Amino acid sequence: MVIAEDSVLLREGLTRLLTDRGHEVVAGVGDGEGLVKTVTDLAARGELPDVVVADVRMPPTHTDEGVRAAVRIRADHPGVGVLVLSQYVEERYATELLASSSRGVGYLLKDRVADVREFTDAVVRVSRGGTALDPEVVAQLLGRSRRQDVLEGLTPREREVLGLMAEGRTNAAIARRLVVSDGAVEKHVSNIFMKLGLAQSDGDHRRVLAVLRYLNT
């Protein structure tokens, strides 16, 4: 993986944290332009990383360089997972990143890095094509999404299940969180797919498409 973070201390800390847990960090950079160049160079050598971890705000303007670089990388190399870190919930950037791809994306608040297991699980999940959304990001986007017609047909429990899906939780994890059976969660998920008009297809990742529909419509 490649880590993009302008704070040398945090960049080195993330590198150490991930390598200590068996992950290979092939490069660390301090700005968005460096991130794009590094991934491009690795791709040219046939060494495309599974995932990049990038701060949303990096030099020179410290606004959206990181997320812009992440979106560009996804456009040029769809197989690369991107996990962006932010100090605060920035809805526009989260939505833009999610809209760039239907899988292999994540948006976490930097405070979440303190929970080492949760953070490393998120990195692995994104590298494998899954999603990892911070609960606070989901909560903020949920407030807007609840006003959309596309979700009117969902029951309160189905909305709750879909919100947990958006955080990247598996059916088993959702069942534990809601203290219900795995079968009950599977039934809710099936109903969600049906109500959102997501027919079964080998070419589509319905779980991720449901989350994107939930957050971006």
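The values are calculated or read from the model by the stated rules, or taken from the named source; none is laboratory data. Note that the coordinates shown come from a computational prediction; the quantities given were computed from them, not determined experimentally. Neighbour counts are summed over all protein chains in view; Cβ atoms, including those assigned to glycine, are modelled from backbone coordinates with ideal geometry.
A few notes on this one:
- Look at segment 191-208: where a residue is modelled with pLDDT under 75 and a partner is of a type in the set (Ser, Thr, Tyr) and not in a loop (DSSP other than H, G, I, E, B), sitting 6+ places away or on another chain with Cβ atoms under 8 Å, you get Val208/Thr131.
To keep it simple, each residue is scored yes or no on (1) at pLDDT 90 or above; (2) crowded, with 20+ Cβ neighbours inside 10 Å; (3) under 25 Å from Gly13 (Cα atoms).
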| position | (1), (2), (3) |
| --- | --- |
| Glu47 | yes, no, yes |
| Val51 | yes, yes, yes |
| Asp55 | yes, yes, yes |
| Thr61 | no, no, yes |
| Asp64 | no, no, yes |
| Arg68 | no, yes, yes |
| Pro78 | no, no, no |
| Val84 | yes, yes, yes |
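- Some residue of segment 135-142 being modelled with pLDDT under 85 and in contact with a strand residue (DSSP E or B) (Cβ under 8 Å, 6 or more places away or on another chain): yes
- Output for segment 11-45, where each listed residue is surrounded by fewer than 17 Cβ atoms within 10 Å (Cβ to Cβ), closer than 18 Å to Asp76 by Cα and in contact with a helix residue (DSSP H, G or I) (Cβ under 9 Å, 6 or more places away or on another chain): Glu33, Thr40, Ala43
- Among the residues of segment 15-49, those identified as of a type in the set (A, V, I, L, M) and over 17 Å from Val67 (Cβ atoms) are Leu17, Leu18, Val25, Val26, Ala27, Leu42, Ala43, Ala44, Leu48.
- Residue that is modelled with the highest pLDDT, among those in segment 143-158 that are part of a helix (DSSP H, G or I) and buried (at least 17 other Cβ atoms within 10 Å of the Cβ): Glu158
- Hey, Arg112 in contact with a strand residue (DSSP E or B) (Cβ under 9 Å, 6 or more places away or on another chain), at pLDDT below 80, assigned to a helix (DSSP H, G or I) and closer than 21 Å to Asp50 by Cβ or not: yes
- Being touching a residue at least 24 places away in the same chain (Cβ under 8 Å) and surrounded by fewer than 24 Cβ atoms within 10 Å (Cβ to Cβ) is a property that does not hold for Tyr107.
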